[in-house]
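Here the structure is laid out as structure tokens; the discussion comes afterwards.
The values are calculated or read from the model by the stated rules, or taken from the named source; none is laboratory data. Just so it is clear, the structure is predicted and the values come from calculations on it, not from any experiment. For neighbour counting, all protein chains shown are included, and Cβ atoms are generated from backbone atoms with ideal geometry for every residue, glycine included.
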Amino acid sequence: MHEFTLTNKTIYLAEDDTFLASVIIQKLEMQGVIVAHFVNGEECLASIEKTLPDLLLLDIHLPGLTGYQILDVLASKQITPQLPVIVISNSGQSIEIERIQKLGIRDYIIKANFAPDEVIAKIVEALSTTTNNLT
Amino acid sequence: MDRVKELENEIYRLNAIVDSMDKSARLLVQRDLQLRRANIKLETLDTQKSEFISIAAHQIRTPLSALRWSQQMLLDGDLGELNPRQRDVVSLAQQSTVRLVKLVNNLLEVEHLELQTELKPALPININVLVKESCDEFINKATEHNVRVLVDLAPTPAIVLADASSVKDVLVNIIDNAIKYTLAGGTVTVRVKVVDESVIVTVEDTGIGIPIAHEDKIFKRFSRAENAKKVDADGYGLGLYIVSKIMDSLGGTVRFESREGLGSTFTLTFKHHTGSV
């Protein structure tokens, strides 16, 4: 049994705060992840529809298409079951969490409450579960 | 805003009545109108204040996240090894960042509790499980403080009807305080009992205790006793306020007994639910 690794996994990151995004990207790239970064919802959704990544890290409050709208589209097109989604937000309001949980997301992270390693651990958990389910 | 419109319509209707009244009655009604106008203004200001705090806190969390994450990367050596002096400075910066995150989280929690805009659904939960989970979260902290944490759960499921995350917030706050204010070598004992129609959680510590002069203030906002400030300078005095508000909203109670220098015991009482989880 070998240890699960993130090397060569593709992650789409939808985050409009460029500084925060750069921190996440650096951390992910150090794990060997191929990251595609989007600052607005439209470009992110268009890319998902073209090529599915291994995982989507999605901020809810995006300019243009919001995270909610992206999740709605993914659910309506039956993409969500094949694509693990971790929502990263700073709202933390229970009404928001309940709303997006119904849209089939894998996890919800309040960014300010987590350290980068904990986020990586959640990504590993989501991806290893997906891999196990598929094999 | 429906309430504001409703009150304005009421004022308009009363204005029409005033025209047909004698002088003293008219004066009374006019005073009543002034009070209602002032009330509307206060309600509007209160709503605006709450919205401002909520938006500001959410907006503050984003740059705080970037700060916290980049500081952690520096400490982890992801961007190259730091020398001891650099490490100390970044470590202090990170402690301040985490402290600020905690303050923002607390302010949001207080705002949420005071507004009570969202009623969280109550489900049957086993307090034994939540107490065990909460204590497990503090294993590292207790070890660092050299404080022993003993857990004595009820032999049967201790079921209450409540929102699990709210109960967890209460337990975490109380256990965190007990460990924080117990000096090295001390003990924190967490017990769960089912007594008649109640589920009772007690958190007993051998810590610094609460000065008598401060006992009637401990559940008030931003209230901190002098001996607590000496042990932990970074607190804001919001934790126990949040605990008391949550326990009120759950229909439970929180009380305490304490002797300065000897320790404190906090007792949480919930209504026992006889159904299953």
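Filtered by the rule that a residue be assigned to a loop (DSSP other than H, G, I, E, B), under 18 Å from residue B:252 (Cβ atoms) and polar (S, T, N, Q), the range B:149-176 gives no residues.
Taking the listed residues B:119, B:108, the one that is within 15 Å of residue B:165 (Cβ to Cβ), within 13 Å of chain A (Cβ to nearest Cβ), at pLDDT below 90 and out of contact with any helix residue (DSSP H, G or I) (no Cβ under 7 Å at 6 or more places or on another chain) is B:119, with no other qualifying. Do you know which residues across the range B:28-56 are modelled with pLDDT of 75 or more and either among the β-branched types (Val, Ile, Thr) or closer than 15 Å to residue B:104 by Cα (or both)? Answer for the range B:28-56, where residues must be modelled with pLDDT of 75 or more and either among the β-branched types (Val, Ile, Thr) or closer than 15 Å to residue B:104 by Cα (or both): B:29, B:40, B:44.
Comparison of A:100, A:60, A:88, A:70 shows that the only residue that is closer than 19 Å to residue A:127 by Cβ and either at pLDDT 85 or above or buried (at least 18 other Cβ atoms within 10 Å of the Cβ) (or both) is A:88. Being more than 30 Å from residue B:273 (Cβ to Cβ), surrounded by 20 or more Cβ atoms within 10 Å (Cβ to Cβ), small (Gly, Ala, Ser) and touching a strand residue (DSSP E or B) at 6+ places or on another chain (Cβ under 9 Å) is a condition met by no residue of the range B:226-239. When the range A:115-127 is filtered for residues that are touching a strand residue (DSSP E or B) at 6+ places or on another chain (Cβ under 9 Å) and facing chain B (nearest Cβ under 10 Å), the ones remaining, listed by number, are A:118, A:119. Counting only residues that are aromatic (Phe, Trp, Tyr), within 14 Å of chain B (Cβ to nearest Cβ) and in contact with a Pro (Cβ under 7 Å, 6 or more places away or on another chain), the range A:1-44 holds 0 of them. Could you tell me which residue of the range B:54-72 is farthest from residue A:114 (Cα to Cα), considering only residues that are within 7 Å of chain A (Cβ to nearest Cβ) and within 19 Å of the chain's Cα centre (by Cα)? Once the filter is applied, the top-ranked residue is B:58.
Residue count for the range B:122-142 satisfying the condition of being at pLDDT 90 or above and among the small types (Gly, Ala, Ser): 2. Residue B:102 falls short on exactly one of the conditions (1) more than 25 Å from the chain's Cα centre (by Cα); (2) within 14 Å of chain A (Cβ to nearest Cβ), and that condition is (1).
Considering A:112, A:36, A:121, A:46, the condition of being without any contact (Cβ under 8 Å) to a residue 12 or more places away in the chain and within 21 Å of residue B:69 (Cβ to Cβ) is satisfied by A:121 alone. Taken across the range B:255-262, residues that are small (Gly, Ala, Ser) and surrounded by fewer than 20 Cβ atoms within 10 Å (Cβ to Cβ) do occur, with at least one present.
For the residues B:124, B:157, the requirement of being in contact (Cβ under 8 Å) with a residue 40 or more places away in the chain and surrounded by fewer than 17 Cβ atoms within 10 Å (Cβ to Cβ) singles out B:124.
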